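The values are calculated or read from the model by the stated rules, or taken from the named source; none is laboratory data. Quick caveat, the model's predicted, so the values are computed rather than measured. So basically every Cβ, Gly included, is an ideal-geometry build from the backbone, and we count neighbours across all protein chains shown. Just so you know, the surface numbers come from the protein's heavy atoms only, side chains and all, with ligands and any DNA or RNA stripped out. Shrake-Rupley method; radii C 1.70, N 1.55, O 1.52, S 1.80 Å.
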Amino acid sequence: DQQVKQNSPSLSVQEGRISILNCDYTNSMFDYFLWYKKYPAEGPTFLISISSIKDKNEDGRFTVFLNKSAKHLSLHIVPSQPGDSAVYFCAASADNAGNMLTFGGGTRLMVKP
Amino acid sequence: DVKVTQSSRYLVKRTGEKVFLECVQDMDHENMFWYRQDPGLGLRLIYFSYDVKMKEKGDIPEGYSVSREKKERFSLILESASTNQTSMYLCASSASGTGISTDTQYFGPGTRLTVL
(Lines give C-alpha, C1' and ligand atoms only; values in the text may rest on other atoms or scores of the structure.)
Protein backbone atom coordinates (compact mmCIF):
# COMPACT_ATOMS: atom_id res chain seq x y z
CA ASP A 1 0.00 0.00 0.00
CA GLN A 2 1.34 3.40 -0.97
CA GLN A 3 2.40 5.41 2.06
CA VAL A 4 2.69 8.63 0.05
CA LYS A 5 -0.03 9.46 -2.44
CA GLN A 6 -0.49 12.20 -4.98
CA ASN A 7 -4.06 11.76 -6.08
CA SER A 8 -3.98 14.15 -9.02
CA PRO A 9 -1.93 12.74 -11.88
CA SER A 10 -2.08 16.03 -13.74
CA LEU A 11 -2.88 19.70 -13.25
CA SER A 12 -3.26 22.48 -15.77
CA VAL A 13 -2.90 26.13 -14.74
CA GLN A 14 -2.78 29.46 -16.55
CA GLU A 15 0.46 31.41 -16.41
CA GLY A 16 0.47 33.89 -13.54
CA ARG A 17 -2.08 31.98 -11.47
CA ILE A 18 -1.46 29.80 -8.45
CA SER A 19 -0.60 26.11 -8.77
CA ILE A 20 -1.48 23.89 -5.84
CA LEU A 21 -0.12 20.36 -5.76
CA ASN A 22 -1.31 18.02 -3.05
CA CYS A 23 0.17 15.04 -1.26
CA ASP A 24 -1.23 12.73 1.42
CA TYR A 25 0.66 10.28 3.60
CA THR A 26 -0.28 7.52 5.98
CA ASN A 27 2.86 6.87 8.03
CA SER A 28 2.82 8.99 11.18
CA MET A 29 6.56 8.34 11.65
CA PHE A 30 7.49 10.59 8.73
CA ASP A 31 9.57 13.52 9.98
CA TYR A 32 10.57 15.31 6.82
CA PHE A 33 8.87 16.02 3.56
CA LEU A 34 10.42 17.04 0.29
CA TRP A 35 9.26 18.13 -3.12
CA TYR A 36 11.19 17.26 -6.25
CA LYS A 37 10.71 18.58 -9.76
CA LYS A 38 11.43 16.46 -12.82
CA TYR A 39 11.71 17.50 -16.44
CA PRO A 40 11.50 14.86 -19.17
CA ALA A 41 14.74 12.94 -19.73
CA GLU A 42 16.30 14.47 -16.61
CA GLY A 43 16.68 13.31 -13.03
CA PRO A 44 14.52 14.83 -10.28
CA THR A 45 15.91 17.97 -8.68
CA PHE A 46 15.28 18.96 -5.10
CA LEU A 47 12.88 21.88 -4.81
CA ILE A 48 11.84 22.54 -1.22
CA SER A 49 11.44 20.68 2.04
CA ILE A 50 9.74 20.97 5.40
CA SER A 51 10.32 19.45 8.79
CA SER A 52 7.39 18.05 10.75
CA ILE A 53 7.96 20.67 13.47
CA LYS A 54 6.91 23.38 11.03
CA ASP A 55 3.68 23.99 9.19
CA LYS A 56 5.01 26.23 6.44
CA ASN A 57 8.22 26.79 4.53
CA GLU A 58 8.67 29.38 1.83
CA ASP A 59 11.33 29.80 -0.83
CA GLY A 60 10.64 32.46 -3.41
CA ARG A 61 7.62 31.48 -5.46
CA PHE A 62 7.38 28.10 -3.77
CA THR A 63 5.67 27.44 -0.44
CA VAL A 64 5.05 24.09 1.18
CA PHE A 65 2.32 23.70 3.80
CA LEU A 66 2.12 20.78 6.19
CA ASN A 67 -1.00 19.72 8.08
CA LYS A 68 0.14 16.94 10.39
CA SER A 69 -3.27 16.16 11.82
CA ALA A 70 -4.63 15.58 8.33
CA LYS A 71 -1.39 13.95 7.12
CA HIS A 72 -1.47 16.28 4.18
CA LEU A 73 0.98 18.60 2.52
CA SER A 74 0.72 20.91 -0.42
CA LEU A 75 3.06 22.83 -2.67
CA HIS A 76 1.98 26.28 -3.81
CA ILE A 77 3.62 27.97 -6.76
CA VAL A 78 2.80 31.66 -7.15
CA PRO A 79 2.88 32.98 -9.79
CA SER A 80 3.10 29.97 -12.04
CA GLN A 81 5.37 30.20 -15.06
CA PRO A 82 5.58 28.04 -18.21
CA GLY A 83 9.03 26.85 -17.07
CA ASP A 84 7.36 25.29 -14.04
CA SER A 85 5.77 22.69 -16.32
CA ALA A 86 7.20 19.40 -15.05
CA VAL A 87 6.35 16.38 -12.97
CA TYR A 88 6.39 17.08 -9.24
CA PHE A 89 7.08 14.33 -6.74
CA CYS A 90 6.33 14.49 -3.07
CA ALA A 91 8.64 12.44 -0.81
CA ALA A 92 8.81 11.68 2.89
CA SER A 93 11.37 10.31 5.29
CA ALA A 94 11.51 9.07 8.86
CA ASP A 95 14.45 9.32 11.21
CA ASN A 96 14.31 5.59 11.81
CA ALA A 97 14.43 4.79 8.10
CA GLY A 98 18.08 5.53 7.51
CA ASN A 99 17.89 8.35 4.94
CA MET A 100 15.41 6.48 2.77
CA LEU A 101 12.75 8.42 0.96
CA THR A 102 9.26 7.24 0.08
CA PHE A 103 7.94 8.90 -3.07
CA GLY A 104 4.46 9.63 -4.30
CA GLY A 105 3.36 8.83 -7.84
CA GLY A 106 3.91 12.35 -9.14
CA THR A 107 1.71 15.13 -10.54
CA ARG A 108 2.31 16.51 -14.00
CA LEU A 109 1.90 20.28 -13.95
CA MET A 110 1.24 22.12 -17.18
CA VAL A 111 1.40 25.91 -17.09
CA LYS A 112 -0.22 27.44 -20.14
CA PRO A 113 1.05 30.77 -21.49
CA ASP B 1 27.35 21.39 -6.47
CA VAL B 2 26.61 17.71 -6.09
CA LYS B 3 27.12 15.84 -9.27
CA VAL B 4 25.72 12.40 -9.97
CA THR B 5 26.47 10.93 -13.36
CA GLN B 6 25.11 7.85 -15.05
CA SER B 7 26.99 5.98 -17.74
CA SER B 8 24.29 6.05 -20.42
CA ARG B 9 21.29 8.26 -21.15
CA TYR B 10 19.67 5.73 -23.47
CA LEU B 11 20.23 2.00 -23.73
CA VAL B 12 18.60 -0.68 -25.89
CA LYS B 13 19.14 -4.31 -24.97
CA ARG B 14 17.68 -7.66 -25.97
CA THR B 15 15.81 -10.04 -23.71
CA GLY B 16 18.21 -12.26 -21.78
CA GLU B 17 21.19 -9.93 -22.01
CA LYS B 18 23.15 -8.94 -18.93
CA VAL B 19 22.95 -5.19 -18.41
CA PHE B 20 25.19 -2.94 -16.33
CA LEU B 21 24.14 0.55 -15.31
CA GLU B 22 26.85 2.65 -13.70
CA CYS B 23 26.49 5.60 -11.36
CA VAL B 24 29.21 7.87 -9.99
CA GLN B 25 28.88 10.69 -7.44
CA ASP B 26 31.52 13.25 -6.57
CA MET B 27 30.36 14.46 -3.15
CA ASP B 28 31.80 11.72 -0.98
CA HIS B 29 28.28 10.64 -0.03
CA GLU B 30 27.90 7.49 2.00
CA ASN B 31 24.44 6.59 0.70
CA MET B 32 23.60 5.62 -2.85
CA PHE B 33 20.28 4.48 -4.30
CA TRP B 34 18.86 2.94 -7.44
CA TYR B 35 15.25 3.66 -8.44
CA ARG B 36 13.09 2.96 -11.41
CA GLN B 37 10.47 5.40 -12.54
CA ASP B 38 7.34 4.29 -14.34
CA PRO B 39 4.32 6.45 -15.21
CA GLY B 40 1.87 6.74 -12.33
CA LEU B 41 4.04 4.67 -10.02
CA GLY B 42 6.51 7.35 -9.00
CA LEU B 43 10.00 6.34 -8.01
CA ARG B 44 10.37 2.84 -6.65
CA LEU B 45 13.48 1.86 -4.76
CA ILE B 46 15.36 -1.15 -6.14
CA TYR B 47 18.49 -1.27 -3.95
CA PHE B 48 20.47 1.05 -1.76
CA SER B 49 23.87 1.07 -0.14
CA TYR B 50 25.08 2.75 3.05
CA ASP B 51 28.73 2.02 2.57
CA VAL B 52 31.24 0.29 0.37
CA LYS B 53 30.41 -3.38 -0.16
CA MET B 54 27.13 -2.95 1.72
CA LYS B 55 23.75 -3.27 0.05
CA GLU B 56 20.15 -3.49 1.10
CA LYS B 57 17.07 -4.51 -0.86
CA GLY B 58 14.50 -1.89 -1.59
CA ASP B 59 10.89 -2.39 -2.57
CA ILE B 60 11.42 -4.13 -5.92
CA PRO B 61 14.79 -5.97 -5.95
CA GLU B 62 13.67 -8.99 -7.96
CA GLY B 63 15.63 -9.40 -11.17
CA TYR B 64 18.32 -6.92 -10.10
CA SER B 65 21.60 -6.97 -8.23
CA VAL B 66 24.05 -4.23 -7.26
CA SER B 67 27.72 -3.73 -6.63
CA ARG B 68 29.55 -1.08 -4.63
CA GLU B 69 33.28 -1.63 -4.68
CA LYS B 70 34.20 2.05 -4.28
CA LYS B 71 32.46 4.76 -2.31
CA GLU B 72 31.76 6.93 -5.33
CA ARG B 73 30.44 4.20 -7.63
CA PHE B 74 27.23 2.15 -7.45
CA SER B 75 26.33 -0.29 -10.20
CA LEU B 76 22.96 -1.81 -11.01
CA ILE B 77 22.99 -5.18 -12.78
CA LEU B 78 20.16 -6.82 -14.64
CA GLU B 79 21.26 -10.44 -14.72
CA SER B 80 18.93 -11.42 -17.57
CA ALA B 81 17.01 -8.47 -18.96
CA SER B 82 13.30 -8.87 -19.56
CA THR B 83 10.79 -6.63 -21.34
CA ASN B 84 9.13 -5.67 -18.05
CA GLN B 85 12.39 -4.05 -17.01
CA THR B 86 11.98 -1.41 -19.69
CA SER B 87 11.96 1.76 -17.63
CA MET B 88 13.77 4.92 -16.59
CA TYR B 89 16.49 4.10 -14.06
CA LEU B 90 17.62 6.79 -11.65
CA CYS B 91 20.60 6.81 -9.35
CA ALA B 92 20.79 9.06 -6.31
CA SER B 93 23.15 9.80 -3.45
CA SER B 94 22.94 11.44 -0.05
CA ALA B 95 25.06 12.04 3.00
CA SER B 96 24.50 9.90 6.07
CA GLY B 97 23.07 11.14 9.35
CA THR B 98 19.69 12.36 10.54
CA GLY B 99 17.81 15.43 9.52
CA ILE B 100 16.57 17.05 6.39
CA SER B 101 20.02 17.93 5.06
CA THR B 102 21.03 14.30 4.91
CA ASP B 103 17.67 13.01 3.79
CA THR B 104 17.86 15.13 0.66
CA GLN B 105 18.89 12.93 -2.22
CA TYR B 106 20.62 14.13 -5.36
CA PHE B 107 19.79 12.42 -8.60
CA GLY B 108 21.59 11.62 -11.79
CA PRO B 109 20.02 12.35 -15.20
CA GLY B 110 18.63 8.83 -15.56
CA THR B 111 19.06 6.01 -18.04
CA ARG B 112 16.16 5.17 -20.31
CA LEU B 113 16.46 1.40 -20.80
CA THR B 114 14.49 -0.40 -23.48
CA VAL B 115 14.50 -4.19 -23.51
CA LEU B 116 13.34 -5.72 -26.78
message: Using +1 at the C-beta of Lys and Arg and -1 at the C-beta of Asp and Glu, which of B:M32, B:Q6, B:T104 has the Cα lying farthest in the positive direction of the dipole of chain B?
response: B:Q6
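Using +1 on the beta carbon of Lys and Arg, -1 on that of Asp and Glu, and nothing else charged, what's the dipole of chain A about the Cα centre, debye to 20?
Using Cβ point charges on Lys, Arg, Asp and Glu, chain A gives about 240 debye.
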message: Per-residue Cβ counts within 10 Å, from other chains only, averaged over B:56-62: what number is that?
response: 1
- prompt: Which one of A:S85, A:W35, A:F103 has its Cα pushed farthest toward the positive end of the charge dipole of chain A, where Lys and Arg give +1 and Asp and Glu give -1 at the Cβ?
  reply: A:S85
message: Heavy atoms of the protein only, probe of 1.4 Å, neighbouring chains included. What is the accessible area of A:H76 in Å², nearest 10?
response: 40 Å²
query: Leaving out ligands, DNA and RNA but keeping every protein chain, what accessible area does B:E72 have, in Å² rounded to the nearest 10, with a 1.4 Å probe?
result: 70 Å²
message: Run lengths n ≥ 4 of DSSP H only: what is the helix-derived mean residue ellipticity at 222 nm for the protein assembly as shown, with -39500 (n - 2.57) per run over all residues, to the nearest 500?
response: 0 deg cm²/dmol
statement: Result for the protein assembly as shown: accessible area per residue, probe 1.4 angstrom, in square angstrom, of 47 Å²
message: About the Cα centre, and with charges only on the beta carbon of Lys, Arg (+1) and Asp, Glu (-1), how big is the dipole of the protein assembly as shown? Nearest 20 debye, please.
response: 540 debye
message: Taking the alpha-carbon distance from A:K38 and a cut-off under 14 Å, which aspartates and glutamates remain once sequence neighbours fewer than 8 residues away in the same chain are dropped?
response: A:D84, B:D38
query: Mean separation of Cα pairs under 8 Å and 6+ residues apart, divided by the residue count of chain A: what relative contact order is that in percent?
result: 37 percent
statement: A 1.4 Å probe over the protein heavy atoms gives the protein assembly as shown a carbon and sulfur accessible-area percentage of 49 percent
Cross-link partners of B:K71 among lysines (Cα-Cα below 24 Å; sequence separation of 8 or more within a chain): B:K3, B:K18, B:K53, B:K55, B:K57
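Roughly how much accessible area, to the nearest 100 Å², goes out of reach of solvent when A and B pair up, both sides summed, probe 1.4 Å? Please report the intermediate quantities before stating the final value.
Numbers: alone 6260 and 6390 Å², together 10780 Å².
Result for this pair: about 1900 Å² buried.
Nearest 20 debye, what's the magnitude of the dipole of the range A:33-98 about its Cα centre given +1 on Lys and Arg Cβ and -1 on Asp and Glu Cβ? Mind showing how you got there, number by number?
Numbers: 7 positive and 6 negative charges, 31 e Å.
Roughly 140 debye for the range A:33-98.
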task: Evaluate peptide A:44-57: per residue, the Cβ atoms of other protein chains within 10 Å of its Cβ; return the mean as an integer.
output: 2
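Which entries of A:K5/A:K54; A:K68/A:K112; A:K37/A:K112 show an alpha-carbon separation above 28 angstrom in the structure shown? Please list the in-between numbers first.
Working: A:K5/A:K54 21 Å; A:K68/A:K112 32 Å; A:K37/A:K112 17 Å.
Over 28 Å apart, Cα to Cα: A:K68/A:K112.
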